[in-house]
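Visitor: Below you'll find the structure I mean.
Throughout, read-outs are computed from the coordinates displayed, never taken from laboratory work. All values derive from a computational prediction rather than experimental measurement.
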Amino acid sequence: MVTVDDVRRIAADLPGSYEVVVRDRIKFRVGRYVYIAFSRDETVMGFAYLREERDALVASDPETFLPPDPVDVRYHWVQARMAALDEAQLSELVVDAWRIAAPKRLIAEYDHA
């Protein structure tokens, strides 16, 4: 099982990424955009994900992935149960979510490094 600390470790290597707490919820931002947000109990991680592909992701593994809350349906967003993720999946999801939210110059900086 992965934890918020694992996300912190991955996010630390992403240019422009920083952590905030909003209404008792941990979130990770790049610029002003949130790309990762946790439920208050840290069992569910919401993350940036392409809207066009989210239904396929949820259908591919409904034990792991959940659709966004109704308030977030209009955004590029999906959710995952932390207990169902492994470290490799988590790393891919965090970096891909960051890429959706990050400006091109930061993505270029990351790719160059």
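Visitor: Give me, ordered by chain and number, the residues 5 or more places off ILE26 or on other chains with an amide H under 5 Å from its own placed amide H.
Guide: PHE38
Visitor: Still on this structure, please answer the following. Calculate for the chain the 222 nm mean residue ellipticity that helices alone would give, adding -39,500 (n - 2.57) per DSSP H run of length 4 or more and normalising by residue count, nearest 500 deg cm²/dmol.
Guide: The helix contribution divided over the chain gives -11000 deg cm²/dmol.
Visitor: Something else now. Using Cα pairs under 8 angstrom and six or more residues apart, how large is the relative contact order of the chain, in percent?
Guide: 31 percent.
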